[in-house]
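The values are calculated or read from the model by the stated rules, or taken from the named source; none is laboratory data. Model, not experiment: these values are computed from the prediction. Counting neighbours? That spans all protein chains shown, and the Cβs are built from the backbone with ideal geometry, glycine included. Accessible surface is based on the protein model in full, side chains and every heavy atom, while ligands, DNA and RNA are left aside. Shrake-Rupley method; radii C 1.70, N 1.55, O 1.52, S 1.80 Å.
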Amino acid sequence: MIGVYDSGMGGLLLATMLARRFPSLPLLVYADTDGAPLQARPLSRIVEQAERGFRFLNKQGAQAVVVACHEASTLAIDSLRCLTAVPVVDIASVSAAAAARECGSGTIGILGSRTIVDHHGYPPLIKAVAPASTIFGHSCPLLLPLIEEGWYNRVETKMIIKHCLRPLKDRQIDALLPASSLFQLVLPLLHTRVGRRTKVIDPFAELSAVLCASIESSGTDLNRDNGISPQICITRSNKAVEKMLNKLFGHRAVLRIL
């Protein structure tokens, strides 16, 4: 069974991708939907929430854990790895490697929450792979609430994205790393507004590719559909969460509220 941890709703989108890509594997998602607001969490709370999610996935028997939360992946990953003996794939290291591969010695822009940008979680990861790269971070605190409300294609959302990308575009970035799992829902808008010369990294696609390679090397049959529905565990339900669950899974997932 693959366990997925996220501090909010973005991990639910990853779960749909993994369920399609690995139909033969049981999937358990721990989405800490009670962990908001993402913008105001101190580091200690990020670690505490992530450790609680990891302990839950371990107790349920996860044979591998995917960290879909950029904050936990950059700021708490060492602590999380100490909690389990199973393989851990974290979105930050995969995304940083992809940005370095695409950009090399160029300029990389990090678009994320204030937590990600203020704590400088990504630059060391990218520099470890591409030491000659130049990295700029910019936070976008107004965008996440709009996405959580399902405003993926509203005029207001497009205006906020344009405003948030302007400082990075002025830096003439070669690659853009969207450092929030919720940004996956507006990737087309980011592509359109950042400009053709800038490569937009798709963290979930990169994560899926790494998992695919790992599972294939284990000899597991990825093409057999065993009919097992994903198990989704959330810590709080509200209209926004219910709307996203229905949009992504319909009645195909087994839902538990912890």
Amide H proximity to D34 below 5 Å, modelled H, separation 5+ or other chain, gives T235, R236
Quick one: among Y30, Y122, Y152, which has the greatest mean-square fluctuation in a GNM of the chain with alpha-carbon springs under 10 angstrom?
Y152
Using distinct alpha-carbon pairs, which all enter the 1/r mean, Kirkwood radius of the chain in Å:
18.4
So what does M1 come to for accessible area, using a 1.4 Å probe and Å² rounded to 10?
40
Taking every pair of Cα atoms in the stretch 30-131, average 1/r, invert it to obtain the Kirkwood radius, and report Rg/Rh to two decimals.
0.99
Across 10 Å bins beginning at 0, the whole-percent shares of Cα-Cα pair distances in the stretch 1-76 come to 20, 54, 23, 3
I'd like the Karplus ³J(HN,Hα) series for the stretch 149-156: coefficients 6.51, -1.76, 1.60, θ = phi - 60°, whole numbers in Hz, and an x wherever there's a Gly or Pro.
7, x, 8, 6, 10, 7, 4, 4
What number comes out for the charge environment of T115, summing +1 per Lys or Arg and -1 per Asp or Glu over other residues with Cβ under 11 Å away?
+1
Just by accessible area at a 1.4 angstrom probe, what is the order of V67, V86 from largest to smallest?
V86, V67
Counting only protein chains, not ligands or nucleic acids, how are H138, H70, H119 ordered by accessible area (probe 1.4 Å), most first?
H119, H138, H70
Among K243, K59, K127, which one shows the highest mean-square fluctuation when the chain is modelled as a Gaussian network with alpha-carbon springs under 10 Å?
K59
Taking the Cβ of Y30 as the centre, find all other residues whose Cβ is under 11 Å away and add up their charges (Lys, Arg: +1; Asp, Glu: -1).
+2
Proximal charge balance of E102 [Cβ under 14 Å; K/R count +1, D/E count -1]:
0
In the P(r) worked out for the stretch 114-175, what percent of Cα pairs fall beyond 14 Å?
64
Counting only protein heavy atoms, what percent of the accessible surface of the stretch 98-228 is carbon or sulfur at a 1.4 Å probe?
51
Max mean-square fluctuation residue, GNM over the chain, Cα-Cα springs under 10 Å, options V186, V210, V47:
V210
Roughly how big is the chain's charge dipole about its Cα centre, with Cβ charges of +1 (Lys, Arg) and -1 (Asp, Glu), in debye to the nearest 20?
560
Tilt relative to the chain, helix 239-249 - C-alpha long axis, 0 to 90 degrees, to 10
70
State the extension gain, in nm to one decimal, for the chain segment bounded by E149 and V254, taking 0.36 nm per residue of separation less the distance between their alpha-carbons.
35.5 nm
